[in-house]
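Engineer: Below you'll find the structure I mean.
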Amino acid sequence: MPKILFIPVSSETGVGEYQRSLNIAESLRAKFSHWEISFVINRHAPYASNCPFPCILVDKSPTKVKRELNKIIKAESPDIVVFDASGRAGNFRVAKETGAKVIFISQHAKKTARGLKANRIRYIDKHIVVQPTFMRKPFAYFEQVKLRLNPLAIPTHVGTLYQQPDDSELKRQFALERTKANLLVVSAGSGSHYLDDGRLASDVYYDLALYGAMQRELDVVFVSGVSCPREYPSVDGVRVVKSLSNRAFLALLSQANFATLSGGSTLLQAIELGIPTLTSPVSKDQSARISACENESLCISASSNKQSLIAGLDALLKQPHQLIDSLSRYSEEKDESLGMNYVLSMFVELMNLKQEACKNA
């Protein structure tokens, strides 16, 4: 039975890497129900007890337990190991020594560069970059040399990865009631990020949600985040929900007229869905992503403070059609051959290669 081991970065705060790996795993299960899929997850992550796949729990993010992770890989002996922004060079080596095919997923330039280091690149069979192609940058000379020697590890920009929105799942998790013409969805991501001034990002975003409802007469849904340490009250015009599955969240987002989101993977998903979005960075790796998207006129950005976000929302509501036109052009011009289906085909290719190698052994 084909066996896949997902090893995403997992911590008590961020949720992006786990959610991305989960989206891939669920898509694989929908197509190949007989494949055996499992995860290695930090036991302290808020989603550790809710993962719908068998989990091996460790005390820290997997990258930080190198020796334990090596033992797990050897014991599990998977056909494919997926390092989602995780893993040390020694873990990649051990995975290859056990006979596994290795997939490395990177989400920004720093992580992509890590996959091009000499002590990792030789062990990578597929390098997936979950960014739109317009964010692709030319490789430095020495990176080009290493890639000529290791052509399997050439990074491939596949865009953002997500499952199609599921209205039925949204209805099971959340009763959306609209009373006004326009719906605004507000989310600061996992809900655990603190800003440079010490404020919780979700506090600032909740303030914006209140402004949107009370001053701009919008229906607002505020998703506080699975890791958010606060509880926020629902008030007139603002519905608060702690968290939604990714498919339910995307179903909610697809029904929105506008969104205010942090600059993580949900920003790219909103762009894919064509939703006019105001965004701001809540972690240090998000600014470059936001700048690249804004340079393509696919979002409006603000600083992560109340005044800047309010000004940004006012600007978004005043001239949404400019963004809508840009989003429409992007949708028409993007490469439809990429995305989740392309990534699933990578898994099939590697699984076939692995099985062929086993027959010839």
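The values are calculated or read from the model by the stated rules, or taken from the named source; none is laboratory data. Just so it is clear, the structure is predicted and the values come from calculations on it, not from any experiment. Every residue, glycine among them, receives a Cβ derived from its backbone with ideal geometry; neighbour counts consider all protein chains shown.
Engineer: Under the condition of being part of a helix (DSSP H, G or I), touching a residue at least 40 places away in the same chain (Cβ under 8 Å) and of a type outside the set (A, V, I, L, M, F, W, C), which residue from region 283-311 is surrounded by the fewest Cβ atoms within 10 Å (Cβ to Cβ)?
Structural biologist: For region 283-311, the residue satisfying everything is Lys306.
Engineer: Report yes if Tyr123 is crowded, with 21+ Cβ neighbours inside 10 Å, over 16 Å from the mean Cα position of the chain (by Cα) and of a type in the set (Ser, Thr, Tyr), otherwise no.
Structural biologist: yes
Engineer: Let me ask another. Out of Ile128, Ile103, Ile124, which single residue is more than 23 Å from Val58 (Cα to Cα), of a type outside the set (Lys, Arg) and assigned to a strand (DSSP E or B)?
Structural biologist: Ile128
Engineer: Output the number of residues of region 224-238 satisfying the condition of being farther than 18 Å from Arg199 by Cβ and at pLDDT 95 or above.
Structural biologist: Adding up the residues that qualify gives 4.
Engineer: How about region 10-21: which of its residues are more than 18 Å from Leu267 (Cα to Cα) and surrounded by 24 or more Cβ atoms within 10 Å (Cβ to Cβ)?
Structural biologist: Ser10
Quick grid of which residues meet (1) surrounded by fewer than 23 Cβ atoms within 10 Å (Cβ to Cβ); (2) farther than 30 Å from Ser243 by Cα:
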{"residue": "Ala113", "(1), (2)": "yes, yes"}
{"residue": "His157", "(1), (2)": "yes, no"}
{"residue": "Glu169", "(1), (2)": "yes, no"}
{"residue": "Ala175", "(1), (2)": "yes, no"}
{"residue": "Ser187", "(1), (2)": "no, no"}
{"residue": "Tyr194", "(1), (2)": "yes, no"}
{"residue": "Tyr205", "(1), (2)": "no, no"}
{"residue": "Leu208", "(1), (2)": "no, no"}
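Engineer: Determine which single condition Val186 fails, assuming it passes every other condition in (1) in contact (Cβ under 8 Å) with a residue 60 or more places away in the chain; (2) not assigned by TED's automatic domain parsing to the domain that holds Val226.
Structural biologist: So Val186 meets the others, but not (2).
Engineer: On to the next question. Go through region 149-190 and report how many residues are over 30 Å from His127 (Cβ atoms), small (Gly, Ala, Ser) and at pLDDT 85 or above.
Structural biologist: 1
Engineer: Of all residues in region 216-239, which are surrounded by fewer than 20 Cβ atoms within 10 Å (Cβ to Cβ) and touching a helix residue (DSSP H, G or I) at 6+ places or on another chain (Cβ under 8 Å)?
Structural biologist: Within region 216-239, Arg216, Arg230, Tyr232, Val235, Asp236, Gly237 meet the criteria.
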